[in-house]
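Undergrad: For reference, the structure I am asking about is given below.
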Amino acid sequence: MRLLIMGPPGAGKGTQAEMICSEFGVTHISTGDLFRLNLAQGTALGQEAKKYMDAGEYVPDSVTNGMVRARLKDADVAAGFLLDGYPRTVAQVAELDGMLGATPLDRVLELTADTEEVVKRLIVRAKDQGRSDDTAEVIRRRLELYAEQTEPLTALYKSRGLLVQVDGLGSVAEVTARISDALKS
């Protein structure tokens, strides 16, 4: 199974990604993990990404696409994967389509969540993790950016008949059950 998970910050993507991968026997591919791995291994792509990250800038699509392309060639993804954090733009969707070729994504899962509930979750998480920079104002701005950037992807995947939206609020078990039902149907 080839899957993509999307959702706003605080919707529970990371927690649910682990559950999905375990249940469906697929490999979790997180762009955050890819960046850290390439940086740690000192790859050419990692060194290129580091230049932008150190300057506080977004890593260009060309670098991110290269990391994902290389990761999709690894043997452990042959049985399936769950992409987390990629693609984020329509241009990246086109790149991913090219990478996947004749075997496209099976489903695109979008976790939805009420903005006020997500803000509350993220403020608690920020306090628990000592992240003083995650204020309600900053969190709201991140949520606005997410909505602006992913709305075109949501529409695109919906037009392809791939989008499955699941309410990301509730207990972990409740959300996991909703996702499992949605992906099996």
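Undergrad: Would you say residue 46 is under 17 Å from residue 32 (Cβ atoms) and outside any strand (DSSP E or B)?
TA: Spelling it out, residue 46 is indeed under 17 Å from residue 32 (Cβ atoms) and outside any strand (DSSP E or B).
Undergrad: What are the pairs with Cβ atoms under 8 angstrom where one residue, in the range 138-156, is farther than 14 Å from residue 115 by Cβ and the other, located anywhere, is open to solvent by less than 60 Å² (accessible area, probe 1.4 Å) and in a helix (DSSP H, G or I)? Sequence gap at least six, or different chains.
TA: Going by the 8 Å Cβ cut-off, the qualifying pairs are 153/93; 156/93.
Undergrad: Which ones in the range 39-48 are open to solvent by 20 Å² or more (accessible area, probe 1.4 Å) and not acidic (Asp, Glu)?
TA: Of everything in the range 39-48, those that are open to solvent by 20 Å² or more (accessible area, probe 1.4 Å) and not acidic (Asp, Glu) turn out to be 39, 40, 41, 42, 43, 44, 45, 47.
Undergrad: I'd like the full set of residues that are among the small types (Gly, Ala, Ser), more than 21 Å from residue 105 (Cβ to Cβ) and not in a loop (DSSP other than H, G, I, E, B), limited to the range 167-183.
TA: 173, 177 - these are the residues of the range 167-183 that are among the small types (Gly, Ala, Ser), more than 21 Å from residue 105 (Cβ to Cβ) and not in a loop (DSSP other than H, G, I, E, B).
Undergrad: Which of the helices (runs of 4 or more DSSP H) contained wholly in the range 49-166 include at least 2 residues that are open to solvent by 80 Å² or more (accessible area, probe 1.4 Å)?
TA: 61-72, 115-129, 136-159
Undergrad: Anything in the range 27-38 that is within 21 Å of residue 75 (Cβ to Cβ) and either open to solvent by less than 40 Å² (accessible area, probe 1.4 Å) or in contact with a strand residue (DSSP E or B) (Cβ under 6 Å, 6 or more places away or on another chain) (or both)? List them, or say none.
TA: Within the range 27-38, 27, 28, 29, 30, 31, 34, 38 qualify.
Undergrad: Something else about it: I'd like the full set of residues that are β-branched (Val, Ile, Thr) and modelled with pLDDT of 90 or more, limited to the range 36-68.
TA: Within the range 36-68, 43, 63, 64, 68 qualify.
Undergrad: What number of residues in the range 13-26 are in contact (Cβ under 8 Å) with a residue 12 or more places away in the chain, open to solvent by 20 Å² or more (accessible area, probe 1.4 Å) and farther than 16 Å from residue 182 by Cα?
TA: So the answer is 3.
The values are calculated or read from the model by the stated rules, or taken from the named source; none is laboratory data. Predicted model, so just to flag it, every value in this text is computed and none were measured. Here the Cβ is made from the backbone with ideal geometry for all residues, glycine too, and neighbour counts use every protein chain on show. SASA here: full protein model, heavy atoms, side chains in, ligands and nucleic acids out. Shrake-Rupley method; radii C 1.70, N 1.55, O 1.52, S 1.80 Å.
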